[in-house]
Every structure is written in C-alpha cells, then in structure tokens.
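**Student:** Quick one: this structure, given as structure tokens, is what I'll be asking you about.
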Amino acid sequence: MTQSTTRPTPRDDRAPHHRPCALPQDRGCPYHPPAAYAPLRDAGPLSRVTLFDGREIWVVTGHTLARELLTDPRLSSDRQRPDFPAPTERFSRVNQRRVALLGFDDPEHNAQRRMLIPSFSLKRIAALRPRIQETVDGLLDAMERHGSPAELVGAFALPVPSMVICALLGVPYADHDFFEERSRRLLRGPAVADVERARNELEAYLGELIDRKRTDPGDGLLDELIHRDAPGGPPDRDQLIAFAVILLVAGHETTANMISLGTFTLLNHPEQLAALRAGDTTTATAVEELLRFLSIADGMLRVATEDIEVAGSTVRAGDGVAFSTSLINRDGDAFTAPETLDWERSSRHHLAFGFGVHQCLGQNLARAELDIALRTLFERLPGLRLAAPAEEIPFKPGDTIQGMLELPVTW
C-alpha cells in the first residue's frame, strides 16, 4: 500500500508498509533475533505485528523510542485490563491474575517496589557476593568430581541462581525440584491448564511456607517482610505470596538462562572468549555486552490508556504495544556494529532489564551472579568446550525466556 501524502484516516494511520510479522517467533540461532524480524528492523522504530489470535498490535524496535515510551504513563502494565495483549494462547486466559510488580501501574507499583528495594540494593548484593561465590565453587567442585562430560544447565546454570534466590528469600532449597518444575510450566505451559495448575500449586506451597514463618521465622526476605515494623504494617498474606512467586520464578529462571546461553555464546565466539580469559576485559564488562547481545526477555508488553502521537503514527487507546528487546538492543543508531559481540563497546544503556519504573528490581543480583558464575566457570575449567555440534544443541522457543534446554560440555 502506498502511503498517502495527506493526513491519513484512522485506518490508514495504522496501516503497515508490509504484511504484519507474527509475534513471537522462534530464533534460528539462540543468540540472534529471529530472521523473520528483519522487516521490523528495516521498518523501525514502530511497526505493526500480529499475535496468535490475529490481533494486530504495535511493536517498538528503536532504542530511543523504547526509552521514551517505557517512561510514558499512558502505557499500562495492568494485565487485568481486557485489552491487554496476550502473546500466546496459554497466556490469554491467565492475564486476569496480575503479577506483583510487573502487572501493576503506579501508585500501586511504586508502593510494592518500595517494600522490596532495600533487599536488592548494591550494598545488600555486595554482601551476598561471598555466598554466591561459595555456591558457584561448590557446584564446580561437584562437576569436577563427577568428571567430564557434563550437562551444564542441570549441573550449574540452573542451580546457581536457584540456590541463591532460595537463600535470599528463605525458601528451602530442598524443595527446588518442586518449584523449578512449576516455574517451567508457568512460563512454558504448554497448555493453559498447565500454566494455571502450576501457578495454583506454587501459590499453595508458598502460602504454607509463609504461614509457617509467622510462628517460626527464619532469616530470609520473606521473614523480613512478614515481621517488618513499618508505618503501613507488613504486606498481607496474598501480597506476600505474590511477591514470593515473582521473585522466586524470575530470580532463578532469567539468570539460569543467561548463564547457559552466555556460556554457549562464548564457546561459539573463540576470539572474544580468548580476550576474556587473557584479562583484556573484565567479566563485568562482558556481562553487560552479553545482556545486550542475547536479550533473553524479548517482548515486554503494554496497552495504551490514551491516544499517543509518536513516530509519525497514532497509538490509540486500547492498542497493545510490544517492545522487541532483541531488536532494540541491536539498534544501529544506539550501538555501532550491533550484530558483533564487542567487549570494547559501552553497553550499559541496553534495555535487557527494561527501562523506567518497571526496570528489573533484581538487576544488581543478576549482574553479581553472572559475573561470578561466568568468571569462575572459565577460570576453573580452562579447557571447557561443547560436547556436541552447536547446531544440534536444543534451545528454548521464542514464546518464553530465551536460553538453552540443555548444554553438553566437556573439558
């Protein structure tokens, strides 16, 4: 369709320059955006895409525009809104239950966040680093005792953040098989019933844990929240369960995927790995570039509550808006040679943790875990390499957090 030179009608105003791309799609390579997203990159910074049910929404692919819109209060994160977009069928029926922090707008979101900020401060996370190091060392000791080869997701990438978040929250790690399995089903289904059942079981488990902590407190974050002497009093039981679900699930799933996919990516970029091993860059610097390059949480969602004139188009009230992090973090206007893994670039302005008021609360913890886990892994196992052809190693589909399903390695 040729764009009119006169002011467009409402329908033309939202007409795409190409057939709308379906969102989400699977990656062809676990560390590159889906090839089918190329037209979105070319048409950026704002395009139209189609969801599983045929609904068309907007997608933001430009870095500058993403930062602008992620701070615009006219875009809502409230998943209980009937017009909030659902990326897949299994999420279409569970949007009615809001997720703590992520599913609320201010002022409720700000009130929730203020309860948790002290536990994720730089000072608090710095104090956790020795415990993270001890966890990493213990898992690598076990891998070395077992001997080569190993499956790195189960032996290392998943248990590192799982053990750390359990210690932080005060959740028994002995129950990790239970909550890791429920977390997997909560995020990946496959069916709506799987998602709903997983959430119900996880909430029931955490509710019982919280009830026990009221009479037999420990030293985790949940215990602090239960017994906190604050002007407004402690959170109620439902709030505590909601906090526990989001912190437990997000606290291990995202970092586990970054460890596994980060390791896979480094092993497939031998020059960059050699520079890291030689000390030509710090692991902290490499982590920032990996966060940009991998963009594992691809597809933040919002809905417009008012009309928004932006990028030559009108995002109308009720329109869904997606933010394609994998394309935003490879915007050539924000990052030189964005397809290249480059330790020399300054990557701290990436949006892997989001932006604005909903920026990831646990980013300081994630950075610390990734820094310690990747640095120690390659120091302890200097001969680490893939134990299978890279193209044969399975990774996760595009409708969930990106990462490796398994990672066979040897050394």
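**Student:** Give the residues of the stretch 37-65 that are open to solvent by 10 Å² or more (accessible area, probe 1.4 Å), of a type in the set (A, V, I, L, M) and in a strand (DSSP E or B), sorted by residue number.
**Tutor:** Across the stretch 37-65, the qualifying residue is only LEU46.
**Student:** Conditions first: (1) farther than 21 Å from GLN239 by Cβ; (2) open to solvent by less than 30 Å² (accessible area, probe 1.4 Å); (3) over 18 Å from the mean Cα position of the chain (by Cα). VAL160 passes all but one, so which condition is the exception?
**Tutor:** The single condition VAL160 does not satisfy is (3).
**Student:** Something else: For LEU116, work out the one condition from (1) without any contact (Cβ under 8 Å) to a residue 40 or more places away in the chain; (2) open to solvent by less than 30 Å² (accessible area, probe 1.4 Å) it doesn't fulfil.
**Tutor:** Only one criterion in (1) without any contact (Cβ under 8 Å) to a residue 40 or more places away in the chain; (2) open to solvent by less than 30 Å² (accessible area, probe 1.4 Å) is unmet by LEU116, namely (1).
**Student:** Applying the selection to the stretch 206-245, what residues are over 22 Å from ASN110 (Cβ atoms) and either touching a strand residue (DSSP E or B) at 6+ places or on another chain (Cβ under 6 Å) or open to solvent by less than 80 Å² (accessible area, probe 1.4 Å) (or both)?
**Tutor:** Quick first cut of the stretch 206-245, residues over 22 Å from ASN110 (Cβ atoms) only: 206-220, 223, 227.
Those that are over 22 Å from ASN110 (Cβ atoms) and either touching a strand residue (DSSP E or B) at 6+ places or on another chain (Cβ under 6 Å) or open to solvent by less than 80 Å² (accessible area, probe 1.4 Å) (or both): LEU206, GLY207, LEU209, ILE210, ASP211, LYS213, PRO217, GLY218, GLY220, ASP223.
**Student:** Can you report the number of residues in the stretch 75-101 which are open to solvent by 80 Å² or more (accessible area, probe 1.4 Å) and either part of a loop (DSSP other than H, G, I, E, B) or in contact with a strand residue (DSSP E or B) (Cβ under 7 Å, 6 or more places away or on another chain) (or both)? Can you show your working first?
**Tutor:** Going residue by residue through the stretch 75-101, those that are open to solvent by 80 Å² or more (accessible area, probe 1.4 Å) are 80, 82, 89, 93, 96-98.
Those left that are additionally either part of a loop (DSSP other than H, G, I, E, B) or in contact with a strand residue (DSSP E or B) (Cβ under 7 Å, 6 or more places away or on another chain) (or both): 80, 82, 93, 96-98.
Here the count works out to 6.
**Student:** Right, here's the next one. Just for the stretch 351-376: of the residues that are in a loop (DSSP other than H, G, I, E, B) and in contact with a Lys or Arg (Cβ under 7 Å, 6 or more places away or on another chain), which one is surrounded by the most Cβ atoms within 10 Å (Cβ to Cβ)? Give the steps one after another, and end with the answer.
**Tutor:** Just the residues of the stretch 351-376 that are in a loop (DSSP other than H, G, I, E, B), to begin with: 351-355, 359-362.
If we keep only those that are in contact with a Lys or Arg (Cβ under 7 Å, 6 or more places away or on another chain) too, we end up with 352, 355, 361.
Working: ALA352: 25, PHE355: 21, LEU361: 21.
Filtering the stretch 351-376 for residues that are in a loop (DSSP other than H, G, I, E, B) and in contact with a Lys or Arg (Cβ under 7 Å, 6 or more places away or on another chain), the one surrounded by the most Cβ atoms within 10 Å (Cβ to Cβ) comes out as ALA352.
**Student:** Quick check on the stretch 180-201. Is at least one of its residues among the charged types (D, E, K, R), part of a helix (DSSP H, G or I) and over 26 Å from ALA297 (Cα atoms)?
**Tutor:** At the first step, the residues of the stretch 180-201 found to be among the charged types (D, E, K, R) are 180-182, 184-185, 188, 194, 196-197, 199, 201.
Still in the running and part of a helix (DSSP H, G or I): 180-182, 184-185, 188, 194, 196-197, 199, 201.
This time we only want the ones that are over 26 Å from ALA297 (Cα atoms), so: none.
No.
**Student:** Within the stretch 172-204, how many residues are under 18 Å from LEU221 (Cβ atoms) and among the β-branched types (Val, Ile, Thr)?
**Tutor:** The qualifying residues number 0.
**Student:** Follow-up. Name the residue, out of GLU339, GLU391, GLU309, GLU379, that is open to solvent by 50 Å² or more (accessible area, probe 1.4 Å), assigned to a loop (DSSP other than H, G, I, E, B) and modelled with pLDDT of 95 or more. Explain how you work it out, then say what you get.
**Tutor:** Details: GLU391 fails: assigned to a loop (DSSP other than H, G, I, E, B); GLU309 fails: assigned to a loop (DSSP other than H, G, I, E, B); GLU379 fails: assigned to a loop (DSSP other than H, G, I, E, B).
That would be GLU339, the only listed residue that is open to solvent by 50 Å² or more (accessible area, probe 1.4 Å), assigned to a loop (DSSP other than H, G, I, E, B) and modelled with pLDDT of 95 or more.
**Student:** Check PRO217 against each of (1) part of a helix (DSSP H, G or I); (2) more than 26 Å from PHE353 (Cβ to Cβ) and name the one condition it does not meet.
**Tutor:** Evaluating PRO217 over (1) part of a helix (DSSP H, G or I); (2) more than 26 Å from PHE353 (Cβ to Cβ) leaves (1) as the failure.
**Student:** Let me ask something else about it. Taking the condition of being of a type in the set (S, T, N, Q), open to solvent by less than 10 Å² (accessible area, probe 1.4 Å) and more than 19 Å from the chain's Cα centre (by Cα), how many residues in the stretch 312-332 meet it?
**Tutor:** Quick first cut of the stretch 312-332, residues of a type in the set (S, T, N, Q) only: 313-314, 324-326, 329.
Those still in the list that are open to solvent by less than 10 Å² (accessible area, probe 1.4 Å) too: 314, 324-326, 329.
The next check asks that each one be more than 19 Å from the chain's Cα centre (by Cα); those that pass are 314.
Looking only at that region, the number is 1.
**Student:** Go through the stretch 246-282 and count every residue that is among the β-branched types (Val, Ile, Thr), open to solvent by 20 Å² or more (accessible area, probe 1.4 Å) and either part of a helix (DSSP H, G or I) or in contact with a Cys (Cβ under 9 Å, 6 or more places away or on another chain) (or both).
**Tutor:** 2
**Student:** Quick one: in the stretch 394-405, which of the residues that are assigned to a loop (DSSP other than H, G, I, E, B) and not aliphatic (A, V, I, L, M) is surrounded by the fewest Cβ atoms within 10 Å (Cβ to Cβ)? Can you show your working first?
**Tutor:** Kept after step one, since they are assigned to a loop (DSSP other than H, G, I, E, B), are these residues of the stretch 394-405: 394, 396-403, 405.
Among the residues that remain, those that are also not aliphatic (A, V, I, L, M) are: 394, 396-400, 402-403.
Details: PRO394: 11, LYS396: 20, PRO397: 15, GLY398: 20, ASP399: 21, THR400: 21, GLN402: 25, GLY403: 25.
Residue satisfying both the conditions and the ranking: PRO394.
The values are calculated or read from the model by the stated rules, or taken from the named source; none is laboratory data. Because the structure is predicted, anything quoted here is derived from the model rather than measured. Reconstructed Cβ throughout: ideal geometry from the backbone, glycine too, with neighbour counts over all protein chains shown. The area values use the complete protein model at the heavy-atom level, side chains included, leaving out ligands, DNA and RNA. Shrake-Rupley method; radii C 1.70, N 1.55, O 1.52, S 1.80 Å.
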